[in-house]
Amino acid sequence: MKPNILWFCTDQQRRDSLGCYGSSFMRTPNIDRLAESGVTFDRCYCQAPSCTPSRSSFLTGRYASTVHCEHNDELIIPASERLLSKVLSENGYVCGLAGKLHLAAVHPNYYPNGERRIDDGFGVFSWSHDPYDKWPTNQYQLWLAGQGIENQQEQIPDVPGQIYYGMPEEYHQTKWCTDRALEFIRKCHDHEKPFFFCCDVYDPHPPFDPPKTCYDRMMERFDEIPDCRYTEGELDNKPHCQKEKNMAKRYDFNAMDETQRKKVKAAYYAQVENIDTHIGRILDLLDELGERENTLIIYSADHGEMLGDHGMFTKGSFYYDELTRIPLIMSWPGHLPAGKRYTNLAEMVDIFPTICDIIGIETSARVQGKSMWPYLPEGKEMEKESVLCQSTGHASMLRTEDWKIVVFRKGNEGELYDMKNDPGEVKNLFYDEKYTAIKADMLTKLMERELSVVEPHAKFHPGY
C-alpha cells in the first residue's frame, strides 16, 4: 500500500525556533510530538538561502544552479523540470497544495494574475503566495472577501521596522492553509486514494505579523527571549553586503535598542507557535481517521532567518547557519525509528529521491540528490562529506564537518570559518595567512562540488 505524504513547509524558519531543536522557551508541543515519533535532522542544509532557488531544488531533487532558478527574480522554473508532485501524480497519487509555491517570480505589479505554473501535477491548487497581495488567484484573499473581511495589520508600537499585529487566529493564513489540508485529507480518505499534499504557509516570513493573541502570549515570556548574537566589530572583515544589510531600512539593527530587537523576535516566535497549533490539528485528524501509520509527514523550511544575529535581520546571500541550516523532521510510525536524531550532514535536495525510493519509483539520471532511505529505517548515520548551498551569480558555500567556506563571485570577497572552534561564525579566517592551506583545500572541495552538479550535455549523460 502506498503511503500518504504530507509535506508541511514553512517560509524562513530557523531551526532553533523549536523546542525539539533545543529552545528552552518556545512552546511547540505538536512539532515536538512529531519529532518524538520520527527522525530529526540536526544538520540539514538548504541548497539556497532564498525562496525560489531553494524550493526549485528540493522539489526537483536538483541543485539550484542546474535548475536555473538562481534567485527570487527568475521568470519561471523551466518547463522541462519535473517536480516531485508531477512524478507522484503519474504514479497514482492525488496531489494538492495550499499556500505558497514560488517557483516563478511573483509580483502583483508585473504578474497580476499570480504565479505562472509549469505542468506541476497538482490537481488541487489552493494558491496563496502571501496573505497580503490581492491577486485574482489568491484564494486566501478571495476567502476573506467572501467573509466580508479586510486583511489588516496594526503596527506594534515603539518598534521601528515591519512588525504588526496581524489577522486574528481564526482568520489567519496559516489556519486557512491548514483548513484546506484537512479538507483534502478527509476527501482522499473517503475515496481511499493515496495523497501528496504540500501545506506551504507564509509564516514566519516577514513582515512579522502574528495574531495579537499569539504575540501577547509570547510577551508574557519576554525575559526568556535570548538577545541577538552579535559581536561588536565582527562585520569589519566580512563581505560588504553584510554591512549594508546591517543598516537595512525595514529592520535597521543599529536603529533599535536591545528591547526593540527582542520585540521583533517576539513577533517572529509568536508566528512559529501559531504554526505549531495547526500542526497539532493535522496530527489529530490523521489519528482520528486511522491514517497516521500510513502517512509520511515531512516538516521543513525553505531557509532560515537572521533575526538580528550577526547584526542582520531577514535573509540575503548570506550563508550563516541561521539562514542555511534548517529544521527537517520526518515521521512515519512503524517505518521510521521514533526519536532518532541524525547528527551527520544532510541536504534538502535528497528528499525527492528519498520519497521516490520509499514508493519504488526509479528516478531519472537528472536527479542529483541521493536517497536517504537506505539509512533511515534502521537509524544508520548517513555518509555525506559536505553540503553545497548556492546563490548562483553571487556566491556559493561549502560546509564540511569542521569548516565552512563562502566565495563571492565579485570583489574578491569570501568567508572561512572554523566550525569546530567557532560554531557561531564570528571570526572570518578567509584573509588570515595562517589558514592559507585550509583555504586552498576548501576552495578545491568547493570547485569539485560545483563541477559535480553541472549537468553534462545529453549525449554524454547516460539515461538522460
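On full extension, the segment bounded by GLU383 and LYS193 gains 64.9 nm, given 0.36 nm per residue less the C-alpha separation. How many percent of Cα pairs in region 204-329 exceed 18 Å? Of the Cα pairs, 60 percent sit more than 18 Å apart. All other residues whose Cβ lies under 13 angstrom from that of THR231 are scored, Lys and Arg at +1 and Asp and Glu at -1, for a net of -4. With the convex hull drawn around the C-alpha atoms of region 67-159, the volume per residue stands at 135 Å³. Partner lysines whose Cα lies under 16 Å from the Cα of LYS249, excluding those fewer than 8 positions away in the same chain, are identified as LYS315. Listed by Cβ neighbour count within 10 Å, with the fewest neighbours leading, LYS384, LYS243 appear as LYS243, LYS384. According to the Kirkwood relation over distinct C-alpha pairs, the hydrodynamic radius of region 155-271 is 16.7 Å. Straight-line cross-link reach from LYS370 at under 27 Å between alpha-carbon atoms covers these lysines, not counting any fewer than eight positions away in the same chain: LYS2, LYS86, LYS100, LYS340, LYS380, LYS384, LYS404, LYS420, LYS445, LYS459. Global dimensions of region 1-79 from alpha-carbon coordinates: Rg and Dmax equal 15.4, 45 Å. Applying 0.36 nm per residue to the separation of PHE25 and LYS134 and subtracting their alpha-carbon distance, the gain on full extension is 35.6 nm. By the helix-only formula, in which each DSSP H run with n ≥ 4 contributes -39500 (n - 2.57) and the sum is divided by residues, the chain has a 222 nm mean residue ellipticity of -8500 deg cm²/dmol. Across region 85-238, Cα-Cα distances exceeding 21 Å account for 57% of all pairs.
Listed by chain and number, the lysines whose C-alpha is less than 22 Å from the C-alpha of LYS212, apart from same-chain residues fewer than 8 away, are LYS175, LYS262, LYS263, LYS265.
Report for region 4-380 the percent antiparallel among DSSP-assigned beta bridges with both residues inside it, nearest 5. Here the antiparallel bridges make up roughly 25 percent for region 4-380. Available extension along the chain between GLU154 and GLU244 is 29.6 nm, counting 0.36 nm per residue and deducting the alpha carbon span. For ARG229, the amide hydrogen comes within under 5 Å of the amide hydrogens of ASP309, HIS310, counting only partners 5 or more places away or on other chains and with H modelled in the peptide plane. A dipole drawn for region 1-60 from +1 and -1 charges on Cβ atoms has a positive end, and of CYS46, GLN12, THR60 the residue lying farthest that way is THR60.
Centre-to-centre separation between the Cα atoms of region 350-419 and those of region 281-349: 15 Å.
Close amide H contacts of CYS95 (hydrogens built in the peptide plane, cut-off under 5 Å, sequence separation of 5 or more or a different chain): GLY123, VAL124, PHE196. For the chain, the alpha-carbon radius of gyration amounts to 0.94 times the rule-of-thumb value 2.2 N^0.38 Å expected for a compact globular protein. Each residue of region 239-256 is assigned a 3J(HN,Hα), and the resulting list reads x, 4, 4, 6, 5, 5, 5, 4, 10, 4, 5, 5, 9, 7, 4, 6, 7, 10 Hz, derived from the Karplus form 6.51 cos²θ - 1.76 cosθ + 1.60 (θ = phi - 60°), x at Gly and Pro.
Bear in mind these aren't lab numbers, they're just calculated from the coordinates by the rules spelled out. Just so you know, these numbers come straight off a predicted model, no measurement behind them. As a convention, Cβ positions derive from the backbone with ideal geometry for all residues, glycine included, and neighbour counts pool all protein chains shown.
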